[in-house]
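Here's a structure for you.
Rule-based calculations on the coordinates, nothing more; no lab input. All figures in this text were calculated on a predicted structure; none of them were measured in a lab. Counting neighbours? That spans all protein chains shown, and the Cβs are built from the backbone with ideal geometry, glycine included.
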Amino acid sequence: MSEAEVLDVARDAILTLLMVAGPLMAISLTVGLLIALFQALTQIQEVTLTFVPKIVVVFVSMLLILPFMVATMRGFTEQLFDRIVGIGIGA
């Protein structure tokens with residue numbers, strides 16, 4: 001396996017990671033900002049107010065986004081296996 005192929009696999013892995021984790025991170029960031037804004041406006045400084053809604057929203061969104069996440073990971077895995085088989089045949 002050449003350096004270019006290794007870099008291609010690494011780039012694809014990073015892009016897949018961003019595609020799988022990115023939506024959940026964006027949702028978590030948005031909910032966190034909304035809660036922080038609510039806390040700043042109402043002056044309520046309750047610790048559980050920051051964690052509980054964020055956890056609930058992330059779990060619900062994970063259930064909704066899970067088919068996309070699985071399809072993305074499956075596509076990356078199949079592509080990786082195809083590359084491995086291609087290297088084995090070419091050797």
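What is the angle, in °, between the Cα long axis of helix 47-90 and the longest principal axis of the Cα atoms in the chain? Nearest 10 is fine, range 0 to 90.
Orientation of helix 47-90: about 0 degrees from the principal axis.
Sticking with this structure for a sec: Which residue, chosen from Val85, Val52, Gly22, occupies the Cα position most advanced towards the positive end of the dipole of segment 3-90, where the dipole is computed from +1 (Lys, Arg) and -1 (Asp, Glu) charges on Cβ about the Cα centre?
Val52
Once you charge only the Cβ atoms, +1 for Lys and Arg and -1 for Asp and Glu, what is the size of the charge dipole of the chain about its Cα centre, to the nearest 20 debye?
Working: 4 positive and 7 negative charges, 64 e Å.
I would put it at about 300 debye.
Averaging sequence separations of C-alpha pairs under 8 Å and six or more residues apart, then dividing by the length of segment 3-90, give the relative contact order as a whole percent. Provide the component values of the computation, followed by the final result.
Numbers: 30 pairs, mean separation 37.5, N = 88.
43 percent.
May I ask you to compute the full-extension gain from Met1 to Thr72, defined as 0.36 nm times their residue separation minus their alpha-carbon distance, rounded to one decimal in nm? The partial results should precede the final answer.
Values: separation 71, 0.36 × 71 = 25.56 nm, distance 2.42 nm.
Once the chain is fully extended between Met1 and Thr72, it gains 23.1 nm.
Ok, one more. Tell me what the chain gives for mean residue ellipticity at 222 nm when only DSSP H runs of n ≥ 4 count, each as -39,500 (n - 2.57), the sum divided by the residue total, rounded to 500 deg cm²/dmol. Working shown, then result.
Working: 2 runs with 84 residues, N = 91.
The helix-only estimate for the chain comes to -34000 deg cm²/dmol at 222 nm.
Please determine, in degrees from 0 to 90 and to the nearest 10, the orientation of helix 3-42 with respect to the longest principal axis defined by the Cα atoms of the chain, where the helix direction is its Cα long axis.
Orientation of helix 3-42: about 10 degrees from the principal axis.
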